[in-house]
Amino acid sequence: MSPITTAWIVIVVSGIATFSIRSSFLLFADRFGEVSADTREVLRMIPAAALAALVAPAILRVDGQLQVFGPRPIAGAIALAVAYVTRSILWTIVVGILAVIGLEFVLP
Amino acid sequence: MEAGVPTLSASRSALAGAREVAPVLLGIIPFGLVAGVVVVEAGLGLPEAVGFSTIVFAGAAQIAAIDLLGSGSPAWVAILTAIVINLRMMMYSASLVVPMAGESRARRLAVAYVLTDQPYALSVARYANPDRPAVDRWWFYVGVGYSLWLVWQICTVLGVLVGASVPDAVPLGFGVPLAFLALLVPSVTDRPTLAAAVVGAGVAVVAAPLPANAGMLVGAVSGVTAGALLARRRRITGPVGR
């Protein structure tokens with residue numbers, strides 16, 4: 001199966017699933033009932049947990065090896081500080097990429 | 001509707017929505033560009049970028065799924081990851097039931113199609129705000145959501161063009177985790193979400209060697225569990241815990 005076909009399968013299935021999630025209550029409120037506090041809290045945790053689970057390995061694992069003092073982890077730490085202070089996606093990305101380019105020059 | 005309180009017209013409400021989301025749109029631009037760049041980095045093209053942005057229309061989920069496809073993950077892994085990331089939208093759907101209660105099914109579907117963090121947050125905040133003129137809720141939401149949709153489509157396409165023309169030496173792919181990092185920071189608002197993030201990160205790093213991106217999913221589930229348990233304990237013991 002070609003990569004393009006795989007991509008389109010992902011697009012269509014994810015699209016249908018995502019639209020179902022989005023329309024779940026809006027279309028079927030009467031059948032879903034109230035959302036419990038527990039369910040609400042579980043859903044509230046998802047962005048923090050999912051985003052962290054995506055970010056950490058991408059920054060701390062290089063070619064399968066755990067790395068804490070390399071260009072990417074350090075650039076990641078700098079970017080984290082920038083994100084915290086500026087709350088700007090643009091600055092986080094720009095500073096992070098510049099940092100990783102610079103650090104790859106400096107560090108072996 | 002209270003007697004004597006005029007509600008803004010449809011067009012005024014829609015414009016109010018667009019104006020409300022305008023500052024957010026500036027922040028969406030780099031994110032949309034990343035969504036386009038990552039498509040090129042994954043060896044896919046403009047049709048796939050447009051497909052993702054119109055059919056899925058969910059930034060973090062799109063980028064994560066495309067990134068996985070680029071690393072050779074099978075379709076089901078990318079799909080599952082996208083679904084997990086988008087599950088929070090169920091909460092948004094539930095919270096809009098009351099504001100959209102009088103609307104037709106077609107209008108509610110139109111709401112659902114562009115339902116994401118900002119249209120939800122900005123609309124709910126406006127509906128609850130007594131100090132601003134009352135808006136037609138559906139039109140306000142349409143102003144927010146569809147402005148966002150338009151900017152997203154444009155930026156994804158631009159991102160594909162940018163990604164294709166930037167030299168390989170520039171590690172644009174690193175922009176993906178950076179974009180997620182920029183989203184992660186505001187999502188951590190209290191100790192439970194901090195616990196969710198720390199546990200999610202730790203488990204995902206340790207479990208990274210697992211095949212089929214299971215490491216990320218195991219990390220996410222662990223993080224959600226840790227955060228939800230902590231939140232529950234705080235609810236039961238009260239905010240002033242031990």
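Tabulated values for the structure
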quantity	calculated
Matching residues, the stretch B:85-133, being farther than 20 Å from B:Arg19 by Cα and open to solvent by less than 20 Å² (accessible area, probe 1.4 Å)	B:Ile85, B:Asn86, B:Met89, B:Ser93, B:Leu96, B:Met100, B:Ala112
Enumeration of residues in the stretch B:104-131 that are under 17 Å from B:Pro6 (Cβ atoms) and in contact (Cβ under 8 Å) with a residue 12 or more places away in the chain	B:Arg126, B:Tyr127
Residue list for the stretch B:217-234, filter: at the interface with chain A (Cβ under 7 Å from one of its Cβ atoms) and open to solvent by 90 Å² or more (accessible area, probe 1.4 Å)	B:Arg232
Long-range neighbours under 7 Å by Cβ, at least six apart or interchain, first residue among the aromatic types (Phe, Trp, Tyr) and at pLDDT below 85 within the stretch B:215-242, second open to solvent by less than 20 Å² (accessible area, probe 1.4 Å) and part of a helix (DSSP H, G or I)	none
Subset tally (residues that are open to solvent by 10 Å² or more (accessible area, probe 1.4 Å) and in a helix (DSSP H, G or I)) for the stretch B:61-72	4
Failed criterion for B:Val144 (all others in (1) out of contact with any helix residue (DSSP H, G or I) (no Cβ under 8 Å at 6 or more places or on another chain); (2) of a type in the set (Val, Ile, Thr); (3) buried (at least 23 other Cβ atoms within 10 Å of the Cβ) hold)	(1)
The lone exception for B:Gly159 - which of (1) touching a residue at least 60 places away in the same chain (Cβ under 8 Å); (2) within 7 Å of chain A (Cβ to nearest Cβ) it fails	(2)
Members of the stretch B:73-84 found to be open to solvent by 30 Å² or more (accessible area, probe 1.4 Å) and more than 7 Å from every other protein chain (Cβ to nearest Cβ), listed by number	B:Pro74, B:Trp76, B:Leu80
Test result for B:Ala101, more than 7 Å from every other protein chain (Cβ to nearest Cβ) and without any contact (Cβ under 8 Å) to a residue 24 or more places away in the chain	yes
Every residue from the stretch A:77-108 that is among the small types (Gly, Ala, Ser), buried (at least 19 other Cβ atoms within 10 Å of the Cβ) and more than 7 Å from chain B (Cβ to nearest Cβ)	A:Ala99
Criterion (more than 18 Å from B:Leu181 (Cβ to Cβ), part of a helix (DSSP H, G or I) and of a type outside the set (Phe, Trp, Tyr)) met by exactly one of B:Val38, B:Val97, B:Val50, B:Val34	B:Val50
Tally of residues being more than 8 Å from chain B (Cβ to nearest Cβ) and either part of a loop (DSSP other than H, G, I, E, B) or open to solvent by 40 Å² or more (accessible area, probe 1.4 Å) (or both) across the stretch A:63-76	7
Residues located in the stretch B:204-216, provided they are within 7 Å of chain A (Cβ to nearest Cβ) and under 17 Å from A:Pro73 (Cα atoms)	B:Ala204, B:Val205, B:Ala208
Complete set of residues in the stretch A:1-35 that are among the polar types (S, T, N, Q), within 7 Å of chain B (Cβ to nearest Cβ) and either more than 17 Å from B:Ile66 (Cβ to Cβ) or surrounded by fewer than 16 Cβ atoms within 10 Å (Cβ to Cβ) (or both)	A:Ser23, A:Ser24
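Each row is one residue, and each column tells you yes or no for (1) of a type in the set (Val, Ile, Thr); (2) within 23 Å of B:Tyr92 (Cβ to Cβ); (3) assigned to a helix (DSSP H, G or I).
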position	(1), (2), (3)
A:Ala52	no, yes, yes
A:Ala58	no, no, yes
A:Leu80	no, no, yes
A:Trp91	no, no, yes
A:Val94	yes, no, yes
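Residues checked against (1) at pLDDT below 85; (2) touching a Gly at 6+ places or on another chain (Cβ under 6 Å); (3) outside any helix (DSSP H, G or I):
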residue	(1), (2), (3)
A:Ile11	no, yes, no
A:Ser14	no, no, no
A:Phe19	no, no, no
A:Ala29	yes, no, no
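The values are calculated or read from the model by the stated rules, or taken from the named source; none is laboratory data. Note that this is a predicted model, so its numbers are computed, not measured. When we count neighbours, we look across all protein chains shown, and the Cβ atoms used for this are built from the backbone with ideal geometry, even at glycine. Note: accessible area is taken over every heavy atom of the protein model, side chains too, but ligands, DNA and RNA are not part of it. Shrake-Rupley method; radii C 1.70, N 1.55, O 1.52, S 1.80 Å.
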